[in-house]
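Note sheet for the following structure.
The values are calculated or read from the model by the stated rules, or taken from the named source; none is laboratory data. Everything numeric in this text was worked out from a predicted model, so none of it was measured. Cβ placement follows ideal geometry from the backbone for every residue including glycine, while neighbour counts extend to all protein chains displayed. Only protein heavy atoms, including side chains, enter the accessible area calculation; ligands, DNA and RNA are left aside. Shrake-Rupley method; radii C 1.70, N 1.55, O 1.52, S 1.80 Å.
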Amino acid sequence: MADYQPLTPAVFHVLLELSGGAKHGYAIMKGVENHTNGALKMGAGTLYGTLQRLTEAGWVAEAIPPQSRTARDEKRRFYRLTAEGRLALGAEVRRLEDLVRLAKCVPRAPRLARR
């Protein structure tokens, strides 16, 4: 699992977004923006470059569009998380949990008074 870590923010958030099911690129982009409260806004180049690398790595695959798709969805490519991608995401979540646990054990410095 060490080969998976650490993931870049773009890779982590794309995998996290796909963990809920297959989505097209724009839905992934908007989902990342929503679940980060706007802190991470991915441009099309970052998103599709990330999807291409994840597909080449075998972590993401093209998915069959859902039955309830709209006419607009006809032209969209849908992506899904693979078993390997789910393992990579799980490994990263555990790594981040370990970091948070470690950070909680570190004594905090007293806050400085404001002038």
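Here's the yes/no breakdown for (1) small (Gly, Ala, Ser); (2) surrounded by fewer than 13 Cβ atoms within 10 Å (Cβ to Cβ); (3) farther than 18 Å from ARG77 by Cβ; (4) free of Cβ contacts under 8 Å to residues at least 12 places away in the same chain:
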position	(1), (2), (3), (4)
ALA22	yes, no, no, no
GLY25	yes, no, no, no
GLU33	no, no, yes, yes
MET42	no, no, no, no
TYR48	no, no, no, no
ALA57	yes, no, no, no
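Within the range 95-109, is there a residue that is out of contact with any Lys or Arg (no Cβ under 8 Å at 6 or more places or on another chain) and open to solvent by less than 50 Å² (accessible area, probe 1.4 Å)? No, that holds for no residue. A single member of ARG80, ARG114, ARG72 is at pLDDT 95 or above and either within 18 Å of ALA10 (Cβ to Cβ) or open to solvent by 100 Å² or more (accessible area, probe 1.4 Å) (or both), and it is ARG80. Can you find even one residue in the range 62-69 that is farther than 12 Å from LEU18 by Cβ, polar (S, T, N, Q) and at pLDDT below 95? For the range 62-69, residues farther than 12 Å from LEU18 by Cβ, polar (S, T, N, Q) and at pLDDT below 95: present. Residues of the range 1-20 being in a loop (DSSP other than H, G, I, E, B) and either among the basic types (Lys, Arg) or open to solvent by less than 50 Å² (accessible area, probe 1.4 Å) (or both), which ones? Of everything in the range 1-20, those that are in a loop (DSSP other than H, G, I, E, B) and either among the basic types (Lys, Arg) or open to solvent by less than 50 Å² (accessible area, probe 1.4 Å) (or both) turn out to be LEU7, SER19.
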